[in-house]
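Before any comments, here is the structure.
Each value in this text was obtained by applying a stated rule to the coordinates, not by laboratory testing. Keep in mind the model is a prediction, meaning the values are calculated, not measured. Note that each Cβ is placed from the backbone with ideal geometry, even for glycine, and that neighbours are counted across all protein chains shown.
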Amino acid sequence: MIMLEINTIKKIICSSYDFEEYGIDSYLVHTGYTYHDGDELHIVIKSEGNRIKITDEGHTLMWLSYEEYNMTPSRKDQYQRILSENNTLDDRGRIYVIYDDIKETSAYLKSIIQTLLQVADLRYLNRQNVSNTFIDDVIAESNKLAISSKCIYNKKIEIAKNEYCEPTVYIELEKPVLIFAINTSDRAKETLINLMMLKENNMKYRTIAVIDEDAQITEKDKSRLINRASRPIIGLSDFRETIDEYLVG
């Protein structure tokens, strides 16, 4: 088992970072870098067998959860991109690097610090930005459906003379399915009009309204969407399971 020599590490990283004994052959690294609320980044360096591991022990994602942060598909993609770009890894929410040569400690410590700061910055995806990604999230989730090969995007459907609707996803089945992603008040009203026109013109489509749970939509409009769509879905947490069950049913 490799033994950590803190004085050797200090010489290698050439930094004023402080190390606090944390456990057996394990140390807290005080870098001076902080999360946005002023709490210091939680970084632990420890030996793991014959290797060295630097980890945040899950603290960063836990910190985000205190900010009522929802890990949407788009945010997951951004999270994975941040890990990839910084050569860091994830183990059930714990961000870490693991390596063999103690001389590489400085580079890996910088990678962890940069990763944690960038992940913490994900909280600045404000409500408007999240709203803007919701439609992309619905499309991304549709691509993971068992019948994803039947999904068509940007398809315009004529529902009256010179009147068209453009669902987020068109599923080409014997009885086609139209999926409408609703992330704004305007989008909610537009979808309501489309649903009413489809019914008035007796068009044989099944309709699914996927409503962003964080969107600024009035309860009245939300209730109308729920009542008029063949199947309403709130949020994306159970999107694929709900769609698959609905199509089978």
Name the most mobile residue of 192, 173, 109, meaning the one with the largest mean-square fluctuation, in a Gaussian network model of the chain with Cα contacts below 10 Å.
173
In degrees between 0 and 90, to the nearest 10, how far off the longest principal axis of the chain does helix 219-228 point, with axes built from Cα atoms?
60
Flagged links, alpha-carbon separation over 23 Å, of 155/220; 150/175; 76/150; 161/222; 155/199:
155/220; 76/150; 161/222
Indicate the gyration tensor shape class of the chain (rounded, prolate or oblate), computed on the Cα atoms with a ≥ b ≥ c the square roots of the eigenvalues: a/c under 1.5 is rounded; otherwise a/b larger than b/c is prolate and the rest oblate.
prolate
Pop the C-beta distance of residue 153 and residue 34 into the FRET formula with R0 = 35 Å and round what comes out to the nearest 0.05.
0.25
What FRET efficiency comes out for the pair residue 12/residue 98, r = Cβ-Cβ distance, R0 = 22 Å, nearest 0.05?
0.85
Relative contact order computed over the chain (Cα-Cα under 8 Å; 6+ residues apart), in percent:
12
Taking the 0 to 90 degree range and rounding to the nearest ten, how far is the long axis of helix 105-120 tilted relative to the main principal axis of the chain, both from C-alpha atoms?
30
Measure nothing but the geometry: give the 0 to 90° angle between the long axis through the Cα atoms of 239-248 and the longest principal axis through the Cα atoms of the chain, rounded to 10°.
40
Spin-label pair residue 48/residue 136, simplified geometry with 7 Å Cα→Cβ offset, distance in nm
3.1
Determine which lysines satisfy two conditions relative to residue 46: a Cα distance under 27 Å, and not lying fewer than 8 residues away in the same chain.
10, 11, 103, 110
